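To start, the structure itself, in structure tokens.
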Amino acid sequence: MKIAFVGKGGSGKTTLSSLFIRHLAAAGAPVVAIDADINQHLGAALGLDEAESAALPALGEHLPLIKDHLRGSNPRIASAETMIKTTPPGEGSRLLRVRGDNPVYDACARPVELDGGSVRLMVTGPFTDADLGVACYHSKTGAVELCLNHLVDGRDEYVVVDMTAGSDSFASGMFTRFDLTFLVAEPTRKGVSVYRQYKEYARDFGVALKVVGNKVQGPDDLDYLREQAGDDLLTTVGHSDWVRAMEKGRPPRFGLLEDANRDALRALHTAVDATHELRDWERYTHQMVHFHLKNARSWGNERTGADLAAQVDPGFVLGEGIAAPA
Ligand SMILES: Nc1ncnc2c1ncn2[C@@H]1O[C@H](COP(=O)(O)OP(=O)(O)OP(=O)(O)O)[C@@H](O)[C@H]1O
Ligand SMILES: [Mg+2]
């Protein structure tokens with residue numbers, strides 16, 4: 001199951017992503033955690049110290065390896081150079097699974113030990129001085145999109161993505177890659193306006209969106225979110241002393257998280273699992289092709305000097321039943 005946390009800057013995307021990841025790990029579920037924000041904070045929120053966070057390999061720096069692995073023997077993709085962030089898989093492509101090893105995980109994922117189990121963490125990579133003023137930003141976050149488009153995840157397997165604050169994900173197809181998107185909103189006008197904007201984009205693509213209120217302090221906050229988000233409001237999280245202690249570098253056992261906040265995480269888990277039966281791999285594949293053709297026309301063809309529409313394998317549908325290539 002693929003899950004994104006989005007919302008206004010500072011709303012609590014990273015905090016709630018990390019709590020949900022801890023919750024899933026404690027439940028014994030296999031988890032791939034992805035920090036898709038160029039301001040990397042997910043590692044720290046999962047308890048890594050500064051040196052450990054800094055040592056995480058960046059997806060953005062392993063693009064040639066990722067592309068070469070994923071294209072496999074797909075005859076429609078002549079070289080890694082012509083593979084862009086939206087290039088869809090086809091016959092011969094290699095797919096990623098949540099469990100098991102592969103060269104992409106070997107190069108780019110690191111295990112993080114949490115109460116109850118270990119998760120895999122992958123990070124986009126920080127913004128370096130060399131990136132300023134050039135288009136690398138998009139190629140960096142593009143690595144995540146490429147991986148998601150080649151990933152086949154089953155029930156009870158989870159990919160949790162901490163997304164960037166801005167609306168960059170709309171330019172590509174990134175925002176359509178999830179079974180469920182959690183919009184983290186503080187009970188403020190700004191928090192809610194990001195929700196409205198996201199919902200508008202999401203509507204046209206059938207993106208499943210739920211609002212998770214954060215830093216909710218009392219009945220007035222709750223009423224406000226209910227009034228603004230209606231049925232889209234799934235649950236709320238209050239101020240957490242557990243989170244505060246963690247941020248002081250004194251992480252308590254996860255079992256000591258406040259009951260109300262644990263209930264909120266359970267609600268998230270239940271909502272995610274309920275989307276499994278709604279999955280439509282044909283639509284999922286169709287959407288990645290749609291965004292690929294759009295990106296090909298707007299910049300990809302020119303950039304690569306190739307007709308990238310030819311990369312689309314018309315008979316290919318991604319799906320849980322697909323056999324892993326030898
Ligand atoms: N429920 C909470 N209880 C206590 N502190 C919280 C809670 N939610 C968020 N915070 C704190 O608020 C700050 C911002 O949260 P966080 O970094 O998760 O937001 P973000 O949406 O990921 O921000 P950015 O847009 O910068 O990535 C952090 O210091 C975090 O610890
Ligand atoms: Mg963040």
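The values are calculated or read from the model by the stated rules, or taken from the named source; none is laboratory data. Computed from a prediction, not measured in an experiment: that's the story for all the values here. Virtual Cβ from ideal backbone geometry, glycine too; neighbours counted across all protein chains shown.
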When region 1-22 is examined, which residues are found to be of a type in the set (Gly, Ala, Ser) and under 19 Å from residue 157 (Cβ atoms)? 4, 17, 18
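Only one of 311, 287 is touching a His at 6+ places or on another chain (Cβ under 9 Å), farther than 17 Å from residue 18 by Cβ, in contact (Cβ under 8 Å) with a residue 24 or more places away in the chain and of a type outside the set (Phe, Trp, Tyr). Can you tell me which? Reasoning before the result, please.
Working: 287 fails: touching a His at 6+ places or on another chain (Cβ under 9 Å).
Testing whether each residue is touching a His at 6+ places or on another chain (Cβ under 9 Å), farther than 17 Å from residue 18 by Cβ, in contact (Cβ under 8 Å) with a residue 24 or more places away in the chain and of a type outside the set (Phe, Trp, Tyr) leaves just 311.
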Return only the number of the condition from (1) aliphatic (A, V, I, L, M); (2) surrounded by fewer than 21 Cβ atoms within 10 Å (Cβ to Cβ); (3) under 18 Å from the mean Cα position of the chain (by Cα) that residue 80 does not satisfy. (3)
State which residue is modelled with the lowest pLDDT when the search covers only region 156-207 and only residues that are under 20 Å from residue 292 (Cα atoms) and of a type in the set (Gly, Ala, Ser). 167
Identify, please: which residue in region 253-262 is exposed (fewer than 13 other Cβ atoms within 10 Å of the Cβ) and not hydrophobic (A, V, I, L, M, F, W, C) and is, among those, farthest from residue 44 (Cα to Cα)? 259
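For residues in region 1-41 being charged (D, E, K, R) and touching a Ser or Thr at 6+ places or on another chain (Cβ under 7 Å), which is modelled with the highest pLDDT? Steps first, please.
Of all residues in region 1-41, those charged (D, E, K, R) come to 2, 8, 13, 22, 35, 37.
Narrowing further to those that are touching a Ser or Thr at 6+ places or on another chain (Cβ under 7 Å): 35, 37.
Details: 35: 95, 37: 84.
Filtering region 1-41 for residues that are charged (D, E, K, R) and touching a Ser or Thr at 6+ places or on another chain (Cβ under 7 Å), the one modelled with the highest pLDDT comes out as 35.
Taking the criterion of being of a type in the set (Asp, Glu), away from ligand 1 (no atom under 16 Å from the Cβ) and without any contact (Cβ under 8 Å) to a residue 24 or more places away in the chain, would at least one residue in region 70-91 satisfy it? Full working, then the answer.
Residues of region 70-91 that are of a type in the set (Asp, Glu), as a first pass: 81, 91.
Next, from what is left, pick out any that are away from ligand 1 (no atom under 16 Å from the Cβ): 81, 91.
Subsequent filtering for residues that are without any contact (Cβ under 8 Å) to a residue 24 or more places away in the chain retains none.
No; the residues of region 70-91 include none that is of a type in the set (Asp, Glu), away from ligand 1 (no atom under 16 Å from the Cβ) and without any contact (Cβ under 8 Å) to a residue 24 or more places away in the chain.
Please specify each residue of region 93-109 satisfying the condition of being of a type outside the set (D, E, K, R) and more than 18 Å from residue 126 (Cα to Cα).
Of region 93-109, the ones of a type outside the set (D, E, K, R) are 93, 95-96, 98, 100, 102-105, 107-109.
Of everything in region 93-109, those that are of a type outside the set (D, E, K, R) and more than 18 Å from residue 126 (Cα to Cα) turn out to be 93, 95, 96, 98, 100, 102, 103, 104, 105.
Say we look at region 237-281 and pick out the residues that are of a type in the set (Val, Ile, Thr) and over 19 Å from residue 49 (Cβ atoms); which of these is farthest from ligand 1 (Cβ to nearest atom)?
Kept after step one, since they are of a type in the set (Val, Ile, Thr), are these residues of region 237-281: 237, 243, 270, 272, 275.
The next check asks that each one be over 19 Å from residue 49 (Cβ atoms); those that pass are 237, 270, 272, 275.
Working: 237: 5, 270: 20, 272: 19, 275: 23 Å.
Taking the candidates together, the pick is 275.
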Out of 110, 22, I need the residue that is away from ligand 2 (no atom under 16 Å from the Cβ) and either in contact (Cβ under 8 Å) with a residue 12 or more places away in the chain or in contact with a Pro (Cβ under 9 Å, 6 or more places away or on another chain) (or both). Which one? 110
Can you name every residue in region 14-49 that is more than 15 Å from ligand 1 (Cβ to nearest atom) and hydrophobic (A, V, I, L, M, F, W, C)? 24, 25, 26, 27, 29, 31, 32
Residues in region 259-274: is at least one among the basic types (Lys, Arg) and at pLDDT below 95? no
Out of curiosity, is residue 101 within 16 Å of ligand 2 (Cβ to nearest atom), among the acidic types (Asp, Glu) and in a loop (DSSP other than H, G, I, E, B)? no
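Take the residues in region 122-153 that are part of a loop (DSSP other than H, G, I, E, B) and at pLDDT 95 or above, then tell me which one is surrounded by the fewest Cβ atoms within 10 Å (Cβ to Cβ). Walk me through it before giving the result.
Narrowing region 122-153 to residues part of a loop (DSSP other than H, G, I, E, B): 124-128, 132-135, 150, 153.
Among the residues that remain, those that are also at pLDDT 95 or above are: 150, 153.
Details: 150: 22, 153: 20.
In this case the residue turns out to be 153.
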Say whether the condition of being within 20 Å of the chain's Cα centre (by Cα), closer than 30 Å to residue 186 by Cβ and within 16 Å of ligand 2 (Cβ to nearest atom) is met by at least one residue in region 49-59. yes
